[in-house]
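The values are calculated or read from the model by the stated rules, or taken from the named source; none is laboratory data. In this text the structure is predicted, and so the values were computed from the model without any measurement. So basically every Cβ, Gly included, is an ideal-geometry build from the backbone, and we count neighbours across all protein chains shown. Areas reflect the complete protein model, heavy atoms only, side chains present, ligands, DNA and RNA absent. Shrake-Rupley method; radii C 1.70, N 1.55, O 1.52, S 1.80 Å.
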Amino acid sequence: MKRLIVLSVCALSALMMCSSCSKPQKYDVAAYVWPAYHNDPRWAEIGIFPDGKGEWETIYNAKPHYEGARQPRVPEWGYFNEADPKMQEKIIKTATKYGVNTFIFDWYWYNQRPFLEDVVNAFLKARNNEKMKFYLMWANHQANSYWDRLEPDKSIEYFKGETSRESFDMFTSHLVEDYFTKPNYYKIDGKPVFAIYEVSTFINGMGGIEQAKDALDDLRRKCVEAGLPGLHLQAILFTIPASLSGTPGETESTKGNTLDALGFESLTHYQWCHYVPLKEYQEWGEEAVRKYDEVDAEFEQPYFPHVSIDWDNNPRFPYPVTGVTGSTPERFENFLKVAKDYVDKHPDQVPLVTVNAWNEWSEGSYLEPDTDYGYSYLEAVRNVFKK
């Protein structure tokens, strides 16, 4: 009898432990991170953001260029240093609480050196970083004066987007050793996911399709040598019918061939403005999500649906430019439901949704709380994916 009582107590204890454990989230909600809100020394090289706070300088100097403009947008947390591991702990705690369980860090490499890498490194130094997954999107676009709010000519070049094979080999060794092998690096079938923002720019830098394929094959070899089963390459799409951002010789019949030749295994978008003209938010979003099925029809690779929060990059301009109007947490939540439905209809692929963005303050698209809506956009994510 005593033995039976002991076993019952043990069973009850185990049951209590299980009930207190949080279940894994069914959906992976991945928000892009623009890691520009800190004092990277390379800002000084290109002569912008002298206040030492990175692009926060653009945000707190923003002016309403027209009547009704929602500027400046003020962060509820203040103009913090995102390269501080303690701040990353707060960010991770908040993101995971509301159902954002993955970050996609915009990752830069110019002139054989990293740029804006301090933020992902601070994320990995956060004491709670294991609670959240992450992966990298190589933001291999040209760096120009688009970032300079005071420069009216937005075509001035700071750094080229094209990267040589030598430079590619250098940084991919770094990526495999310092990021891909981390336990919380986002993987599909055990393979680390690595997204490329501009496929065409990568091909141009390598010197052509065959050279690009050889470089990627070498990266896969590095992953295997590091004990990984391979590499999961993800392409960022632009216009629909889907474009690879101007790949040389690209036609309607060769786009898929290009992705197949380079071994890309999945597709997603970075921002709705890349494939839908700017409109009032509801109309903009309706057109964007209608195109999910067009990607399905055009490509063999799985597509991970994307949802954007807003678009207003007026803070980066000394004169008015067109933005989106009418974004609300409720409308955003409804489009998240469409993305969730798409995922549910594709049970054979990873349940991943990408969101622009965690903190694209300078483009008006962010989940971080502001003084207008508080945590309402984060609550929209929680309502759809976490409850």
If E151 passes every condition in (1) in a helix (DSSP H, G or I); (2) in contact with a helix residue (DSSP H, G or I) (Cβ under 6 Å, 6 or more places away or on another chain) but one, which one does it miss? (1)
Tally, over the range 338-375, of residues that are surrounded by fewer than 16 Cβ atoms within 10 Å (Cβ to Cβ) and in a helix (DSSP H, G or I): 2
Check the range 70-79 and report whether any residue there is open to solvent by 50 Å² or more (accessible area, probe 1.4 Å) and not in a loop (DSSP other than H, G, I, E, B). no
Residues of the range 287-304 satisfying the condition of being open to solvent by 10 Å² or more (accessible area, probe 1.4 Å) and out of contact with any Lys or Arg (no Cβ under 9 Å at 6 or more places or on another chain): V289, R290, K291, D293, E294, D296, A297, E300, Q301, P302
Which of the residues belonging to the range 116-137 are touching a helix residue (DSSP H, G or I) at 6+ places or on another chain (Cβ under 9 Å) and either surrounded by fewer than 19 Cβ atoms within 10 Å (Cβ to Cβ) or in contact (Cβ under 8 Å) with a residue 60 or more places away in the chain (or both)? L116, V119, V120, N121, L124, K125, R127, N128, K131, Y135
Yes/no for F80 being closer than 20 Å to Y179 by Cα and not acidic (D, E): no
Scanning the range 71-114 residue by residue, those within 30 Å of T322 (Cα to Cα) and in contact with a Leu (Cβ under 6 Å, 6 or more places away or on another chain) turn out to be F105, W107, Y108
Wholly within the range 237-306, helices (runs of 4 or more DSSP H) carrying at least 1 residues that are at pLDDT below 95 and under 21 Å from the mean Cα position of the chain (by Cα): 255-262, 292-298
Name every residue in the range 165-197 that is in a helix (DSSP H, G or I), among the aromatic types (F, W, Y) and under 15 Å from D106 (Cβ atoms), in order of residue number. F171, Y179
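Residues are listed down the side, and each one gets a yes or a no for (1) surrounded by 16 or more Cβ atoms within 10 Å (Cβ to Cβ); (2) in contact (Cβ under 8 Å) with a residue 40 or more places away in the chain; (3) of a type in the set (G, A, S):
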residue	(1), (2), (3)
A30	yes, yes, yes
P35	yes, yes, no
I48	yes, yes, no
K53	yes, no, no
N61	no, yes, no
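A quick yes/no check of all residues on (1) closer than 21 Å to L378 by Cα; (2) over 18 Å from the mean Cα position of the chain (by Cα); (3) assigned to a helix (DSSP H, G or I):
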position	(1), (2), (3)
M87	yes, yes, yes
T94	yes, no, yes
D106	yes, no, no
L124	no, no, yes
R127	no, yes, no
M137	no, no, no
Y146	no, yes, yes
S155	no, yes, no
T163	no, yes, no
Out of curiosity, is G208 more than 22 Å from the chain's Cα centre (by Cα) and modelled with pLDDT under 95? yes
For R3, only one of the following conditions fails: (1) among the charged types (D, E, K, R); (2) surrounded by 10 or more Cβ atoms within 10 Å (Cβ to Cβ); (3) modelled with pLDDT under 50. What is its number? (2)
Among the residues that make up the range 313-332, is at least one of them modelled with pLDDT of 95 or more, open to solvent by 10 Å² or more (accessible area, probe 1.4 Å), assigned to a helix (DSSP H, G or I) and over 26 Å from Q88 (Cβ atoms)? yes
From the residues in the range 164-211 that are of a type in the set (D, E) and within 25 Å of P302 (Cβ to Cβ), which one is surrounded by the most Cβ atoms within 10 Å (Cβ to Cβ)? E198
Matching residues in the range 64-90 (touching a Phe, Trp or Tyr at 6+ places or on another chain (Cβ under 9 Å) and touching a residue at least 40 places away in the same chain (Cβ under 8 Å)) number 13
